[in-house]
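What follows is a short report on a single structure.
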Amino acid sequence: MGEAQESFLDVLEQDSPVGFDLKSGGYQTSIVLGQKIYFVSGGTDGAALSFDVQIFDKSTGKRLIPTVLGTQPTLSEGHSAVLLNKDRLLILKRDSAPDDCIWFLEVDTPFVKELKKLLGSEVVAWSKGVKGDAPKPVVISGPSGVGKGTLISKLMKDFPSTFGFSVSHTTRSPRENEKDGVHYHFSERSIMEKDIQDGKFLESANVHGNLYGTSVEAVETVTDSGKRCILDIDVQGARSVKASSLEVVSIFICPPSFEELEKRLRARGTETEEQIQKRLRNAKAELEQGKTSGLFEHLLVNDDLEACYTNLKKILNLDGQSNDKCQQFIENGELPVGHMETDQKVLINCETTELGKASSKLSVLDVSSLKGGAPGRTRGLKVYAIERFADGLNGVKQVQNSLY
């Protein structure tokens, strides 16, 4: 463009108020948000392994080094940045694979605000952008003995390619034949405690002196594989999930009566009277919270197992009418007139190109339906393949001016 040779990222380097500066073997973008300037630096000289984020506070004249959370992107040959919704930066990596070029750096989202309060310092958080939607993970909760394990087993048996379990973390030592990353993610206590503090875990508990928990990344990994993650957690864990950025379908399984629950627990014949009494006390509290707290979208009474299972399948749209089916990632064809004029569309080019030259294909990134976020994925992105503008640079500037 211009002289029909410049890419979108090249234009950003020259004309954009983003502040794209080429440094010795590296790149830096700067974004102004209120009294703060966010600098995102990345190098190609091998001096750094990941992006570096710094903040300059104009009101105090001081440079701040924030706590950086989330899974960080790998370095690229360069990047550009755009401010979105005044709470996150859209980072576009140059010369990256299509599934790795879109990232978000959250600077003032609810997740970041909460961590700022907890840590008492500046916080930013990375989140990988993922095109299209994905099935929401499923939280299934209920007191011990209610039959939720049996229901989950039936789902896994009948739909083995649809559902998957996340791999939990623990600080206990591996037992014989247990493999790291398969049975558990075995972690050092200090590392897991910090990750819990940094908001990287959906839920966690101290059991017999060892920590156990479900990380956001473990759940997202199941979703990335094309499966729907099932989370079998207690009411307290469900409360933590609801407070996170992860969107889930939450289901609470109830017994037909408390007396029936006690009968089922005793019928197991695997626990002492003391253990049964403890489970009953816990069950009473969980039933009260599960039914009245508003934590769960759906309540199922497991009076008849087959009837309950049928209702569970209906909730999860397993009758062929799923509303959570993944959307098509790339929508090809002509764009509607005026598509480029809203403040939720960004013209991008993430294909491999030679410096100073553009490929013949460009795309429009639609960020109007963002879902999720740090410390997990940012989903709901749509990318439209388009032809290069006939009027060249003017079309690109129009998009830039509408966003900055």
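The values are calculated or read from the model by the stated rules, or taken from the named source; none is laboratory data. Because the structure is a prediction, the values reported are computed rather than measured. Cβ sites come from the backbone with ideal geometry, for glycine too, and all protein chains shown count toward neighbours. Ligands, DNA and RNA are stripped out before the accessible areas are found, and what is left, the full protein with its side chains, is counted by its heavy atoms. Shrake-Rupley method; radii C 1.70, N 1.55, O 1.52, S 1.80 Å.
For VAL219, are the conditions met, namely being assigned to a helix (DSSP H, G or I), under 27 Å from LEU287 (Cα atoms) and modelled with pLDDT of 90 or more?
yes
Checking GLU271 against (1) part of a loop (DSSP other than H, G, I, E, B); (2) closer than 30 Å to ARG228 by Cα, only one condition comes out false. Which one?
Only one criterion is unmet by GLU271, namely (2).
Could you tell me how many of the residues in the stretch 227-253 are open to solvent by 60 Å² or more (accessible area, probe 1.4 Å), more than 17 Å from the chain's Cα centre (by Cα) and closer than 27 Å to ASP158 by Cα? Before you say what the answer is, go through the steps one by one.
Keep residues of the stretch 227-253 that are open to solvent by 60 Å² or more (accessible area, probe 1.4 Å), which gives 227, 232, 234, 236, 239, 242-243, 247.
So of that shortlist, the ones also more than 17 Å from the chain's Cα centre (by Cα) come out as 232, 234, 236, 239.
Retained after the next criterion (residues that are closer than 27 Å to ASP158 by Cα): 232, 234.
Residues that pass the stated criteria total 2.
In this structure, does LYS36 turn out to be farther than 19 Å from GLY376 by Cα and open to solvent by 70 Å² or more (accessible area, probe 1.4 Å)?
So LYS36 does not fit the description; no.
Checking PRO256 against (1) open to solvent by 30 Å² or more (accessible area, probe 1.4 Å); (2) in a helix (DSSP H, G or I), which test does it fail?
In the conditions (1) open to solvent by 30 Å² or more (accessible area, probe 1.4 Å); (2) in a helix (DSSP H, G or I), PRO256 misses (2) alone.
Could you look through the stretch 74-95, keep only residues that are of a type in the set (D, E, K, R) and in a loop (DSSP other than H, G, I, E, B), and pick out the one that is most open to solvent (accessible area, probe 1.4 Å)?
LYS86
Kindly indicate which of GLY290, GLY294, GLY269 is closer than 28 Å to LYS136 by Cα and either of a type in the set (Lys, Arg) or open to solvent by 20 Å² or more (accessible area, probe 1.4 Å) (or both). Full working, then the answer.
Numbers: GLY290 fails: either of a type in the set (Lys, Arg) or open to solvent by 20 Å² or more (accessible area, probe 1.4 Å) (or both); GLY269 fails: closer than 28 Å to LYS136 by Cα.
None of the other options fit; the residue is GLY294.
For the stretch 110-214, give me every one of the helices (runs of 4 or more DSSP H) that falls completely inside it and has 2 or more residues that are in contact with a Ser or Thr (Cβ under 7 Å, 6 or more places away or on another chain), under 30 Å from LEU92 (Cβ atoms) and modelled with pLDDT under 90.
Per the criteria, no element qualifies.
Report, ordered by the first and then the second residue, all pairs with beta carbons closer than 6 Å, sequence separation of six or more or different chains, a first member in the stretch 50-63 that is more than 10 Å from ILE37 (Cβ to Cβ) and open to solvent by 70 Å² or more (accessible area, probe 1.4 Å), and a second member that is part of a loop (DSSP other than H, G, I, E, B) and not basic (Lys, Arg).
SER59/GLN35
So, of the residues in the stretch 215-226 that are surrounded by fewer than 24 Cβ atoms within 10 Å (Cβ to Cβ) and among the polar types (S, T, N, Q), which turns out to be nearest to VAL249 (Cα to Cα)?
So the residue we want is THR223.
Going through the stretch 171-203 one residue at a time, which ones are under 18 Å from the mean Cα position of the chain (by Cα) and either open to solvent by less than 80 Å² (accessible area, probe 1.4 Å) or among the basic types (Lys, Arg) (or both)? Talk me through it step by step, then tell me what you get.
At the first step, the residues of the stretch 171-203 found to be under 18 Å from the mean Cα position of the chain (by Cα) are 195-203.
Within the stretch 171-203, ASP195, ILE196, ASP198, GLY199, LYS200, PHE201, LEU202, GLU203 meet the criteria.
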